[in-house]
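What follows draws every value from the coordinates through simple rules; no lab data is involved. This is a predicted model, so every value here is computed, not measured. Here the Cβ positions follow ideal geometry from the backbone for every residue, glycine too, while neighbour counts run over all protein chains shown.
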Amino acid sequence: MAFLSNAILALVVLATSVLLLPRLAGTLLGLVFRSAGWLIRRRTRSRREYVIARARLEEEEHRVPRPKSSTNSLARSQAEDEDWEKVDSSSGAKTVSSNDNGDGSKNEGTTPDDWDGIIGFFHPFCNAGGGGERVLWEAIRATQQRWPKAICAIYTGDHEVNKTTMLERVENRFNIHLHSPTIVLLYLTTRKYVVSSSYPYMTLLGQSLGSLVVAYDAFTLLVPDVFVDTMGYAFALALCKWLFPTVPTGAYVHYPTISTDMLSSLDDETGVQGINSGAGKGLKGTLKRRYWQLFAQLYGWVGRHVDVVMCNSSWTSAHIRKLWGTSKAIESTEEGTGSSSSPAVVFPPTAVSELQSTITVDAESERTRQPVILYIAQFRPEKNHPLVLRSFARFLQERNRNPVFADNPPPRLVLIGSVRHSSPDETHIYNLRLLAHELKIRDHTTFLCDASWPAVLSHLGTASVGVNGMWNEHFGICVVEYQAAGLICVTHDSGGPREDIVIDLGDGATGFRAETEEQFAAAFEAALALPVEEKIAMRLRARRSALRFTEEEFAKKWLAQVQKLVKASR
């Protein structure tokens, strides 16, 4: 009997140990991370004090009146300075009372613009000049106008540019004017660990683990009061929560690192679903599928550590809900609240107002439009420039059979995009030029690298058709720019363009959608062959549709979510 009692007791102890061991290990691991976080805070305290002191000194120097050639210019300079003292309603941040946070909540005894903490923006490639960078700088502008005393620290690996040069490029490329004194660039030395070329195999896992190294590098430079990732490095946000549990984290997700669409593309036989179409065959394909499935589970677990989640489109939001949330949340939630199971959809900012005020759409302007097909996209493989080049070549061959084009000048294809120097982008654009030569369309094709905003604006005002060939484009800022400028859109029938942008709002089509080379060529022909009246009508419908994606709308929704992080950090 005693032996049986001892055996039962031993089994109970063993079972209890087995149950408690994972929890105990988790607790010990948590203590290790928090201890490491405490040491990082302690070691970076002096740098934090220097950053704050330097920002305040630059602010004072900025406010010192400089000798001007006239009284009017001095008054104008002072007026511009005063703009940073207040919340600018034109940016989308509404004017609120002294105890209103702007989201309906109250903030006892403080004014809405008195928060003077540090918001860290994790964006290692902030000088890339793409749509993701426009989101970053618009977010910073909205944040500055809402909290003028806050410091915006950008973690970047762009060592080749200083702050002055960076802000000049932002103004030149995006026409975004920022307040220099409260912006700090913190230079990372480990950015190479998130470059895809560093991982020939298991790239997704390699980049994700590499982002932990880069994030640690960022925190050893400065621990912010609020940490926001604007590039898609969910693992960096999780590391922040492990090291600094009290630091609120936010994610603006442009594109899920992995999605169910990527998994389904492994079985695609058409070749239109991205660069991995049909790659699920054989032993290698089976291993790739299992690797992606396991990574999706890890990505979902990491994503659930984020406090506030914003997505740039309905397509992205649906995938993030499925990966980071629960099936119950997916079924019950209609509007995003900013949680991992219910992300807030915050459409990227587009220069809609500027484009519509600069470019007119009427019978007179239609006469100045040229038969130009415009593609604005970074020169990277995922943008699928070869599809557009081949489609354009097919269109040129087939247009000769259409009498509508008999007396018209030959159409041209203009490709505008940024190129990351000393990167695979340069090789990619070289190969695209070779392809244009092989397709015998070189004389009808123009490549413009790193074009300035005025140059982009000029092409938007004179082109007739705007194209986007990327499969599952997460949103498609360039497509909205096409619409706002009055171009007729021809986009890939997937992702954000299909879900949110090139849609019928009840008064008719706002563009064309296609998937294959043949469909794109047919869409080019259909768009350019439309009668003048129908062209103008479609352009005007597209411009009305673009009003959903203004900078003001972005600022309003961005601030509503960031307000939660600021409130949590107080």
>> Could you give the length gained by full extension between THR246 and VAL64, i.e. 0.36 nm per residue of separation minus their alpha carbon distance, to one decimal place?
In response: 61.8 nm
>> With the crude spin-label approximation of a point 7 Å out along Cα→Cβ, what separation in nm comes out for ARG304 versus LYS284?
In response: 3.5 nm
>> Starting from 0.36 nm per residue, how many nanometres of slack lie between ARG45 and LEU209 once their C-alpha separation is accounted for?
In response: 56.4 nm
> When the dipole is taken about the Cα centre of the stretch 152-305, and only Lys, Arg (+1) and Asp, Glu (-1) are charged at their Cβ, what size is it in debye, to the nearest 20?
Replying inline: 440 debye
>> Give me log10 I(q)/I(0) at q = 0.15 Å⁻¹ for the stretch 352-549, Debye formula, one equal scatterer per alpha-carbon, no solvent.
In response: -0.87
> Points 7 angstrom from Cα along the Cβ direction at GLN297 and ALA363: gap in nanometres?
Replying inline: 6.6 nm
> When ranked by the protection proxy of mean other Cβ atoms within 10 Å per residue, highest first, what sequence do the peptides 34-46, 148-160 form?
Replying inline: 148-160, 34-46
> Which far-off residues, 5 or more places away or on another chain, put their amide H under 5 Å from the one on CYS311, with H placed in the peptide plane?
Replying inline: VAL253, ALA344, VAL345, VAL346
> Roughly what would the spin-label model give for TRP453 and ASN431, points 7 Å off Cα along C-beta, in nm?
Replying inline: 3.3 nm
> Tell me, in nm to one decimal, what length is gained between ASP114 and THR446 on full extension, where the rule is 0.36 nm per residue of separation less the Cα-Cα distance?
Replying inline: 114.5 nm
> Under a point-charge model restricted to the Cβ atoms of Lys and Arg (+1) and Asp and Glu (-1), what is the dipole moment magnitude of the stretch 352-549 relative to its Cα centre, in debye to the nearest 20?
Replying inline: 280 debye
> Quick one: which of LYS241/LYS567; LYS322/LYS383; LYS149/LYS567 span more than 19 angstrom between C-alpha atoms?
Replying inline: LYS322/LYS383
